[in-house]
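Engineer: Okay, handing you the structure first.
The values are calculated or read from the model by the stated rules, or taken from the named source; none is laboratory data. All of these numbers come straight from a predicted model, not from anything done at the bench. Don't worry about glycine lacking a Cβ; one is built from the backbone with ideal geometry, like all the others, and counts go over all protein chains shown. What goes into the accessible areas is simple: the full protein's heavy atoms, side chains included, and nothing from ligands, DNA or RNA. Shrake-Rupley method; radii C 1.70, N 1.55, O 1.52, S 1.80 Å.
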Amino acid sequence: MSPETIVITGASSGIGAALAVRLGREGHRLVLAARRVPELNGVAESARSQGAADVLVVPTDVTCRADVDRLRDQAVAHAGGFRVWVNNAGQGISRSVLDLTDEDVDQVMAINLKSALYGMQAAVAHFKERGSGHVINISSFLGRVPVAPVRSIYSAAKAALNSLTANLRMDLAQSHPNIHISLVMPGVVKTDFARNALGTPPASGGPPPVFPPGAGPQTVDEAIAPIVMLIEHPVPEIYTNPVLGDLVRRYYTDVAAFEQQGPPPAP
């Protein structure tokens, strides 16, 4: 893959950080955004040490539209434009449906849904000017199969993101066929996501997981490898673990039977 300028939000840890370092190793130019500046600077240094052609750090609160527009404008001013924008910022919450507060819903929707909406709108405006580009939205398997009750509003936010992603892709398909809109659905990934979730961590134990062999937790390197391939070869959507696609088909074939097996551990 020839060097590209790639914007990544939520780049201070987890999938975003690992993706930045991996893309740095391939010589890309990176624009990294997150709220936690020291951690973001650390990721930038790691990407540079791996061979990134250039790294711009832009402290950004992705729940603020003005910040996201500023991120786009700084990327354009610094690098002359960008070809890929990865909406990766997200946060979980440990809260069942009956325990959700207005604050819970507003905060989780802002971080997981509105931030991606702002990113899509900002990036596509630039892509329309240049005639091509690629938006990648990092969602979750739980947005397709909501079987972890403790992640109730998080699953709902990701389901909404899945829908917005598909709607934008269809909106652009005829008028701007060179603008690609992709959805990525990881399952459980070995990052600090669960530790950083809002609320009280779920209790250990519980019903046995429904994950079939091969669909259990992925390392972060395993999870980002398909995303790197997606950047080079855009498709509408991927699961970071292909086995999850079979799990989705099982769920929609017989929802009642699937749910009776018990929910999987919360990612």
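Engineer: For residue 225 paired with residue 66, estimate the spin-label separation in nm (one decimal), with each label point 7 Å from Cα along the Cα-to-Cβ line.
Structural biologist: 4.5 nm
Engineer: Report, in deg cm²/dmol and to the nearest 500, the calculated mean residue ellipticity at 222 nm for the chain, where each DSSP H run with n ≥ 4 adds -39500 (n - 2.57) and the sum is divided by the residue count.
Structural biologist: Values: 9 runs with 117 residues, N = 267.
It lands at -14000 deg cm²/dmol.
Engineer: Under a cut-off of 20 Å between alpha-carbon atoms, report the lysines in cross-link reach of residue 114, not counting same-chain residues fewer than 8 places apart.
Structural biologist: Here the lysines satisfying the reach criterion relative to residue 114 are 158.
Engineer: Oh, and also: Please tell me the relative contact order of the range 61-150 in percent, rounded to the nearest whole number, where contacts are Cα pairs under 8 Å and at least six residues apart.
Structural biologist: Values: 86 pairs, mean separation 38.0, N = 90.
Relative contact order here is 42 percent.
Engineer: Work out how much length residue 78 to residue 103 would gain on full extension: take 0.36 nm times their residue separation and subtract the Cα-Cα distance, in nm to one decimal. Provide the component values of the computation, followed by the final result.
Structural biologist: Values: separation 25, 0.36 × 25 = 9.00 nm, distance 3.68 nm.
The residue 78-residue 103 span can extend by a further 5.3 nm.
Engineer: Mind checking the per residue accessible area of the chain for me, 1.4 Å probe, whole number of Å²? Present the calculation step by step, with values, prior to reporting the outcome.
Structural biologist: Numbers: 11760 Å² over 267 residues.
Result: 44 Å² per residue.
Engineer: Order the following by accessible area, largest value first: 73, 67, 171. Probe radius 1.4 Å; ligands, DNA and RNA are ignored.
Structural biologist: Details: 73 80, 67 35, 171 110 Å².
The residues order as 171, 73, 67, largest area first.
Engineer: Between rounded, prolate and oblate, where does the range 30-77 land on the alpha carbon gyration tensor, with a ≥ b ≥ c its root eigenvalues, rounded for a/c under 1.5, else prolate if a/b exceeds b/c?
Structural biologist: oblate
Engineer: Heavy atoms only, 1.4 Å probe, whole protein assembly: order 57, 147 by accessible area, highest first.
Structural biologist: Working: 57 35, 147 15 Å².
So the residues, ranked largest to smallest area, are 57, 147.
Engineer: Moving on. Quote the charge dipole size of the chain about the Cα centre in Debye, to the nearest 20; the model charges only the Cβ of Lys and Arg (+1) and of Asp and Glu (-1).
Structural biologist: Numbers: 22 positive and 24 negative charges, 56 e Å.
Dipole about the Cα centre, nearest 20: 280 debye.
Engineer: Another question, if that's okay. In whole percent, how big is the carbon plus sulfur part of the accessible area of the chain, probe 1.4 Å, protein atoms only?
Structural biologist: 53 percent
Engineer: Could you pull out every one of the aspartates and glutamates with an alpha carbon less than 19 Å from that of residue 190, ignoring same-chain neighbours closer than 8 positions?
Structural biologist: 39, 221, 222
Engineer: With charges only on Cβ, +1 for K and R and -1 for D and E, what is the dipole size of the range 28-111 about its Cα centre, in debye, rounded to 20? Walk me through the numbers before you get to the answer.
Structural biologist: Numbers: 9 positive and 12 negative charges, 105 e Å.
Computed about the Cα centre, the dipole is about 500 debye.
Engineer: OK, next. With r as the distance between the Cβ atoms of residue 41 and residue 170 and R0 = 51 Å, compute the FRET efficiency 1/(1 + (r/R0)^6) and round to 0.05.
Structural biologist: Values: r = 39 Å, r/R0 = 0.76.
Step by step, r from the Cβ atoms, then E = 0.85.
Engineer: How many percent of the alpha carbon pairs in the chain exceed a separation of 30 Å? Could the numbers behind the result be given before it?
Structural biologist: On the way: 8886 of 35511 pairs.
Pairs farther apart than 30 Å: 25 percent.
Engineer: Which length gain, in nm to one decimal place, applies between residue 235 and residue 132 when the Cα-Cα distance is subtracted from 0.36 nm times their residue separation?
Structural biologist: On the way: separation 103, 0.36 × 103 = 37.08 nm, distance 1.46 nm.
Here the answer is 35.6 nm.
Engineer: Cα gyration tensor of the range 216-255, axes a ≥ b ≥ c as square roots of the eigenvalues: rounded (a/c below 1.5), prolate (a/b > b/c) or oblate?
Structural biologist: Numbers: a/c = 4.82, a/b = 1.61, b/c = 2.99.
Since a/c reaches 1.5 but b/c is at least a/b, the shape of the range 216-255 is classed as oblate.
Engineer: Let me have the relative contact order for the chain, percent, based on Cα pairs under 8 Å that are six or more residues apart. Intermediate values should be presented prior to the final figure.
Structural biologist: On the way: 528 pairs, mean separation 47.3, N = 267.
Answer for the chain is 18 percent.
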